[in-house]
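In what follows, a single structure is set out as structure tokens and then discussed.
The values are calculated or read from the model by the stated rules, or taken from the named source; none is laboratory data. Being a predicted model, the structure only gives us computed values, none of them experimental. Using ideal geometry, Cβ is built from the backbone for each residue, glycine included, and neighbour counts are taken over all protein chains shown. SASA here: full protein model, heavy atoms, side chains in, ligands and nucleic acids out. Shrake-Rupley method; radii C 1.70, N 1.55, O 1.52, S 1.80 Å.
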Amino acid sequence: RDVNERLASEQRVGNPTYTSNRYLSGLVERAGFNDLLPCVEKCELTVADLLCKSDYELVQTLKSANLNTITQLKALVANKMAPPCCTANEILTSAKLKHIPTLVSPLDTNLLGGISVGAITEVVGPSGVGKTQLCHMLTVTVALPKERGGLDGGVVYFDSEGGFSPERLAEMATSRFEGEVVPKEFLRKIFVFPVQTSAALLSNLCSAQFEELIVDSGVRLIVVDSVASIARREFGSSHIALRQETLSQEAARLKQLAEVFQLAVLVTNQACRAHSFFLAHPIVHR
């Protein structure tokens with residue numbers, strides 16, 4: 001993918017990541033600082049590094065750059081990262097997506113339009129109530145092209161129980177259009193991560209490669225189905241303090257990703273009683 005297309009993809013997501021070397025490399029290449037590019041990539045320099053380090057430190061790091069070049073590069077990146085000036089009314093009436101509809105009218109009404117962008121929504125209920133079905137429905141809504149009523153966005157699906165079914169997704173997409181065959185290219189926008197442990201989930205969520213996937217693929221939805229099954233397998237009814245600490249780390253990282261990249265996070269929980277792993281009551285939460 002060429003630089004212009006990659007940067008356009010990053011800007012569609014919302015706030016670009018400060019911790020990705022790939023984003024800074026794209027800026028450097030696009031601005032014509034080609035002699036600096038190998039060193040930027042070799043040192044894995046990020047936007048945060050460039051803006052936080054002193055000019056002297058950067059000259060030491062980027063051996064091929066002089067002080068004038070560093071000053072120009074810093075100004076370019078700072079200008080790129082700064083949000084444009086706008087009025088309060090423009091912020092209030094901005095057309096940013098605030099909810100992703102479930103297409104279940106009573107549920108969307110109670111959720112004030114659907115699951116919230118920039119937040120975690122937790123669905124809690126007994127096994128077989130339809131939580132995975134809801135995850136599949138929202139995945140289809142996000143991944144379908146706009147001309148088919150979707151958002152034309154990417155989806156990351158963490159599957160801890162083996163319940164993910166691409167065949168079911170294709171059936172759902174087709175059923176929305178009264179049997180008309182829907183091209184299955186939308187399935188290429190869905191990235192499935194089978195996870196069996198909390199360590200594996202956190203490792204994926206916290207990696208720089210995961211942030212780059214979000215940016216490059218225009219991810220609008222992250223699904224974790226289900227967070228409860230991982231916790232049960234690892235901790236059971238014992239080690240409650242460790243379980244809560246692990247779940248808090250997962251929730252904090254998911255919340256951070258939702259806010260920074262302006263995407264929605266949907267988490268399912270199989271609790272049968274009035275107990276939520278992230279929150280407090282056995283219903284849909286935000």
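Structure summary
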read-out	value
Accessible area in the full protein assembly, largest first, 1.4 Å probe, for Phe186, Phe164	Phe164, Phe186
Accessible area per residue in Å² at 1.4 Å probe, computed on region 160-209	59 Å²
Inter-site label distance for Arg188 and Arg232 at 7 Å from Cα along Cβ, in nm	3.8 nm
Segment Lys74-Val104, length gained on full extension (0.36 nm per residue, minus Cα span)	6.0 nm
Solvent accessible area, Å² - Leu51, 1.4 Å probe, full protein context	70 Å²
Reachable lysines from Lys80, criterion Cα separation under 30 angstrom, eight or more residues apart if same chain	Lys42, Lys53, Lys63, Lys96, Lys98, Lys146, Lys189, Lys255
Length added when fully stretched, Glu167-Ala199, from 0.36 nm per residue minus Cα-Cα	8.6 nm
Accessible carbon and sulfur surface of region 108-212 relative to its total accessible area, %, 1.4 Å	53 percent
